[in-house]
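In what follows, a single structure is set out as structure tokens and then discussed.
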Amino acid sequence: MKRALLPVLFLSLGLASPLALAQGSSKKKATTAPAAPATTPAPKKDDGLDVSRLPFTPDSIRQVMAHHMPRIQECYEDHMVEKDKKVEGLLRTTFTITAEGTVRSAKIDKHGSTLKDAGLNDCVVAVLSSMDFPKPPDGRDHPIEYPFNLKAIE
């Protein structure tokens with residue numbers, strides 16, 4: 001069974017385009033290893049993406065999210081292996097990019113999400129919380145909504 005992560009990004013930045021939409025997918029082959037408990041990935045601050053060189057735009061935010069997508073994919077893969085069944089649905093996340101470019105208040109919107117697994121939720125929140133973004137030039141915090149459409153592909 002192949003798994004695909006289909007993210008959709010909604011940004012509200014107060015820039016020229018207050019609402020931006022991005023879609024992408026990532027496919028990985030299922031492993032045949034025994035199911036291991038899902039673990040929260042360790043925060044990775046020094047991961048090769050120099051956000052200090054990026055402007056604060058919807059495109060740069062999509063670039064940062066795309067850079068970290070393999071870690072979100074790993075959360076989903078671990079969850080799928082642990083459940084040993086097809087798990088599909090929407091995982092709606094919210095977080096704030098601070099004036100310093102760090103993430104604050106990352107969480108899963110449980111009312112807007114159809115996936116209710118605590119392990120998957122904790123893993124995704126840990127990844128989001130470890131991300132760094134370009135600093136907003138206006139020095140303000142910017143709330144972000146980022147829903148993930150998670151679907152297993154056979």
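The values are calculated or read from the model by the stated rules, or taken from the named source; none is laboratory data. Because the structure is predicted, anything quoted here is derived from the model rather than measured. Note that each Cβ is placed from the backbone with ideal geometry, even for glycine, and that neighbours are counted across all protein chains shown. Ligands, DNA and RNA are excluded from the accessible area calculation, which covers all protein heavy atoms including side chains. Shrake-Rupley method; radii C 1.70, N 1.55, O 1.52, S 1.80 Å.
Observations on the model:
- Positions within segment 89-111 being open to solvent by 50 Å² or more (accessible area, probe 1.4 Å) and out of contact with any strand residue (DSSP E or B) (no Cβ under 8 Å at 6 or more places or on another chain), in sequence order: GLU100, LYS110, HIS111
- Test: residue in segment 92-103 that is touching a helix residue (DSSP H, G or I) at 6+ places or on another chain (Cβ under 6 Å) and charged (D, E, K, R): no
- Of all the listed residues (ALA30, ALA22), the sole one being at pLDDT below 50, farther than 19 Å from PRO143 by Cα and either in a helix (DSSP H, G or I) or open to solvent by 20 Å² or more (accessible area, probe 1.4 Å) (or both) is ALA30.
- Near pairs, Cβ below 8 angstrom, 6+ apart or cross-chain, from segment 82-101 (at negative phi and among the basic types (Lys, Arg)) to any residue that is modelled with pLDDT under 80 and open to solvent by 10 Å² or more (accessible area, probe 1.4 Å): LYS86/MET1
- Figure legend. Inter-residue proximity from segment 57-81: first residues acidic (Asp, Glu), second residues crowded, with 21+ Cβ neighbours inside 10 Å and assigned to a helix (DSSP H, G or I), beta-carbon distance below 9 Å, spacing 6+ or different chains. Indicated pairs: GLU74/CYS123; GLU74/VAL127; ASP78/LEU120; ASP78/CYS123.
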